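A short write-up of the structure that comes next.
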Amino acid sequence: MEKLLSVGIDVGTSTTQVLFSELSVADTSGHFRVPEAKITDKRVLYRSPVYSTPLLDSSRIDADALRQIVAQEYAHAQIPIGGTDTGAVIITGESARKENAAAVLAGLSGFAGKFVVAAAGPDLESRIAGQGSGAQELSRVQKCAVVNLDIGGGTTNLAFFQSGDFVGCSCYDIGGRLLRFAADERLCAISAAAQITADYLGLRFAIGTIPDRAALEQLAAALAAELDTAAQGKSSALLEKLRTHGSKTFSAARGRDLAFAAANRTLQRGFGDALVSFSGGVADCVWDETLPPLAYGDFGVHLGRAIRGGVLFGRAVRAGETIRATVIGAGSHTTELSGSTVYYSSEELFPLQNIPVYAVPPEQEAELWRGECEGFAQDFADFLRQTDSPCAAAELSGKANPGYRELTLLARALARSLAGEPLIVLLHEDNAKVLGQLMSRVTSAQHLVVLDSIHAGANTYLDIGRPILGGVTLPVVVKTLILGV
Amino acid sequence: MNEHDMRRLADAICEAVMAEISGQHADVDGREIVVDVSSGSKIVTPPVSENAEILSMKKTTPARVAVGRAGARLRTETYLAFRADHAAARDAVLPDVAPDFSERLGLETVVTRCADKNEFLTRPDLGRVFPRESLEKIRALNPEPIDVLVYLADGLSSRAVEANGETILPILLEGLRAAGLRVGQPFFVQYGRVGTMEEIAQTTGAAVTCVLLGERPGLGSAQSMSAYFAYNARPGMPESERTVVSNIYSGGINAAEAGAYLTEALERAWREKKSGVA
């Protein structure tokens, strides 16, 4: 068994947290089979307090103050800077759009250790919040549909799970910080999303005045109703206006075809009767009835109460984590393992970071298996050129039980048509080692990496860590957006 | 229960069973075949697998769970499936490999001391040793010194060798040669057990000897193959010096990937001069 020390750093619109966890990796196959490495346990070692995200002004994060918070938490947890094996720094919610996000991540990268992902993107956040909250586990154990709503300061991230499978996500600019109040209850800030909603409802809120209580309640109730619509996997005219920049229309999850088919079936049926769990800061405002309206100087308590009074609450369950869901997701759920029979030409290649993924279309893959590569070669070369990256990964489905001849044809076709350094191939089925060996004998490229059991999909990036467990498997993080590191 | 009731019950059961055999039950989702006896109790219940969630759980195991029941017994369909799988398992043990199997793979066939299948199954000791002419044939195939020798044997499932041999063998041979090893000429052993590697290694002088053979079929699969290999195999060697990689078939690790894995494992055994739990 091997242990990986993982760090999660969540810089949200309103709060910042640090968390350390330990992932146990072991070979679960027994002695008489091919190895099968799995993450066998995830244990949280240390949780920081919930800090307010330090801001320079309304649009920029105070990178120095943030670095100090993180340094202090490493010291409290007694973990040397750079001593982690894996993990993720995630800038979530509206913050991800803030102009200095890239600089903030660069400032934190000194803490990173060997392999820490700096990532953001509404779809990724939705998934990891749903995992960190316990909603996915609840869905797996109960074999039911669960929708997790991670309601933070700036955004609500929805993640849909069916029997433990992540089947979709969406993200809207609905959160506790839509309105902010001074100590004397006067409105001091109104977000663009709040303004859109107010206009839509015909309500008026003026900065510097104390808003009418009925108007606030009407705004909160309207947003709660929109969240109910969103939680059913549906949309509305107002929701479309509130959709977070970069979030796709209800996006069914990438990944296994089976899960995908299940997702589509579920979506046709609708998530109307799914259980609903809440995480994020506003979740505490949903559950805690005793909070005074301006406990956090913002709109969060209003929104929480409106949700509690709305139809959505009728299906509510407590999945476990609330305000810490995202940081737990970042620390414990971002890292996955490749298959346990893989190919790489050298350990020195890793970590590989920010590898763009080219998802090979099925008809092109069929051609490759027949040894034809013209269409693929052209498209892959174009893709690589556009990404501005020295290498890219070609993602194939592979075959459950491939024959020798067709594998030889595939290996030759890929060796002829892939470009970049190193060459990287990703497969869903268990074909990586054999394809890697066959390719290594026919390619002129210096280095080659072939991994399987990884489902990435179009518009994703990969980080691949150093091989572990005696070299049989590699930690991999699939992410949807990179901010310059 | 009087005679009339008994007859009614027997007729009702026959009717339900016939309906099931003819596949009618499959047409209606979740339909229950209810036989009305005096108490009105259900005798034949459909498998609970109609439920999508239970179906997804069933997919995680080949075990025959959630199959429903007919009274206290298996449903006809379940029983027939069981009998069919059992027959397949027996069929995999009893017949020989297809006559053109060795030819298709370009392999010579050598036979152990077993005269026929029956002797092979009843005399495990004879399935490990060769008559002199077989050993001479093996030696003639491998006159030069070799580092690694890989060969096939029928073992307890001819079906397994037929299903996987064609894929795994070329991958292994090509991979081992590419690693710079001197690889022996493979062959097929009829009526062969794991222990054949002992005399074969002694005869050829191979440093690492690897046999690919059919596993004893279970009710789950008759196509599963195992690879056993040893460094310095010799008569009387302890079992602990053998390494085994099992479950090579479409439901375990596919033959191609297993071949790639074994290529590295054999190369390592040769380099480190050890195998098994040593």
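Key figures for this structure:
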{"quantity": "Degrees between helix A:404-417 axis and first principal axis of chain A (Cα, 0 to 90, nearest 10)", "calculated": "70"}
{"quantity": "Whole-percent carbon and sulfur share, accessible surface of chain A, 1.4 Å", "calculated": "49"}
{"quantity": "Mean Cα-pair separation over length for chain A, i.e. relative contact order, pairs under 8 Å, 6 or more apart, %", "calculated": "17"}
{"quantity": "Helical contribution to [θ] at 222 nm, DSSP H n ≥ 4, -39,500 (n - 2.57), averaged over chain B, rounded to 500", "calculated": "-13000 deg cm²/dmol"}
{"quantity": "Proximal aspartates and glutamates to A:K241, defined as alpha-carbon separation beneath 17 angstrom and excluding residues fewer than eight positions away on the same chain", "calculated": "A:E94, A:D173, A:D199, A:E226, A:D228"}
{"quantity": "Mean Cβ neighbour count within 10 Å, used as a protection proxy, ranking B:67-75, A:357-365, B:224-232 highest first", "calculated": "B:224-232, A:357-365, B:67-75"}
{"quantity": "Choice from B:R234, B:R104, B:R216 with maximal GNM fluctuation in chain B (Cα, 10 Å cutoff)", "calculated": "B:R104"}
{"quantity": "26 Å Cα-Cα threshold exceeded, pairs from A:K433/B:K58; A:K399/B:K117; A:K3/B:K274; A:K433/B:K273", "calculated": "A:K433/B:K58; A:K399/B:K117; A:K3/B:K274"}
{"quantity": "Gaussian network model of chain B, Cα within-10 Å springs - most flexible of B:L126, B:L181, B:L149", "calculated": "B:L181"}
{"quantity": "A versus B: buried accessible surface, summed, Å² (probe 1.4 Å, to nearest 100)", "calculated": "2100"}
{"quantity": "Cα long-axis angle, helix B:76-93 against chain B (0 to 90 degrees, to the nearest 10)", "calculated": "20"}
{"quantity": "Threshold 20 Å², region A:28-46 residues less accessible with all protein chains present than alone (1.4 Å probe)", "calculated": "A:F32, A:R33, A:V34, A:P35"}
{"quantity": "Region A:2-120, relative contact order [Cα under 8 Å, separation at least 6], %", "calculated": "29"}
{"quantity": "Probe 1.4 Å, protein heavy atoms only - accessible area per residue of chain B in square angstrom", "calculated": "50"}
{"quantity": "Mean accessible surface per residue for chain A, computed with a 1.4 Å probe while every protein chain stays in place, in Å²", "calculated": "39"}
{"quantity": "Net charge of Cβ neighbours under 10 Å - reference B:V67; Lys, Arg +1; Asp, Glu -1", "calculated": "+3"}
{"quantity": "Length added when fully stretched, B:A63-B:T76, from 0.36 nm per residue minus Cα-Cα", "calculated": "3.0 nm"}
{"quantity": "Inter-label distance for A:H245 and B:K273, nm, one decimal - labels placed 7 Å from Cα along Cα-to-Cβ", "calculated": "6.7"}
{"quantity": "Degrees between helix A:63-76 axis and first principal axis of chain A (Cα, 0 to 90, nearest 10)", "calculated": "80"}
{"quantity": "Assigned charges on the beta-carbon of Lys, Arg, Asp, Glu; region B:153-230 dipole about Cα centre (debye)", "calculated": "80"}
{"quantity": "Per-pair calculated FRET efficiency, R0 = 51 Å: A:S29 and A:F313 via Cβ, rounded to 0.05", "calculated": "0.65"}
{"quantity": "Options B:A10, B:I168, B:P235, ranked by Cα towards positive dipole end of chain B, top entry (Cβ charges)", "calculated": "B:P235"}
{"quantity": "Heavy-atom accessible area, 1.4 Å probe, ligands and nucleic acids excluded: residues of region A:408-454 down by at least 50 Å² from chain alone", "calculated": "A:D430, A:K433, A:V434, A:Q437, A:R441"}
{"quantity": "Helix-only mean residue ellipticity at 222 nm for chain A, each DSSP H run of n ≥ 4 adding -39500 (n - 2.57), per residue, nearest 500", "calculated": "-10000 deg cm²/dmol"}
{"quantity": "Convex hull volume of region B:204-278 per residue (C-alpha atoms, cubic angstrom)", "calculated": "98"}
{"quantity": "Size of charge dipole - the protein assembly as shown - debye, nearest 20, with Cβ of Lys, Arg +1 and Asp, Glu -1, no other charges", "calculated": "820"}
{"quantity": "For A:D288, net neighbour charge (Lys/Arg +1, Asp/Glu -1) across residues whose Cβ lies under 11 Å away", "calculated": "0"}
{"quantity": "Threshold 30 Å², region B:231-278 residues less accessible with all protein chains present than alone (1.4 Å probe)", "calculated": "B:V244, B:S246, B:N247, B:S250, B:I253, B:N254, B:A256, B:E257, B:A260, B:Y261, B:E264"}
{"quantity": "Within the accessible area of region B:101-272 (1.4 Å probe), percent carbon and sulfur", "calculated": "44"}
{"quantity": "DSSP bridge orientation in chain A - percent antiparallel, rounded to nearest 5", "calculated": "65"}
{"quantity": "For A:L19, net neighbour charge (Lys/Arg +1, Asp/Glu -1) across residues whose Cβ lies under 13 Å away", "calculated": "0"}
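The values are calculated or read from the model by the stated rules, or taken from the named source; none is laboratory data. Computed from a predicted structure; not experimentally measured. Backbone-built Cβ (ideal geometry, glycine too); neighbour counts: all protein chains shown. Note: areas computed on protein heavy atoms with side chains; ligands, DNA, RNA excluded. Shrake-Rupley method; radii C 1.70, N 1.55, O 1.52, S 1.80 Å.
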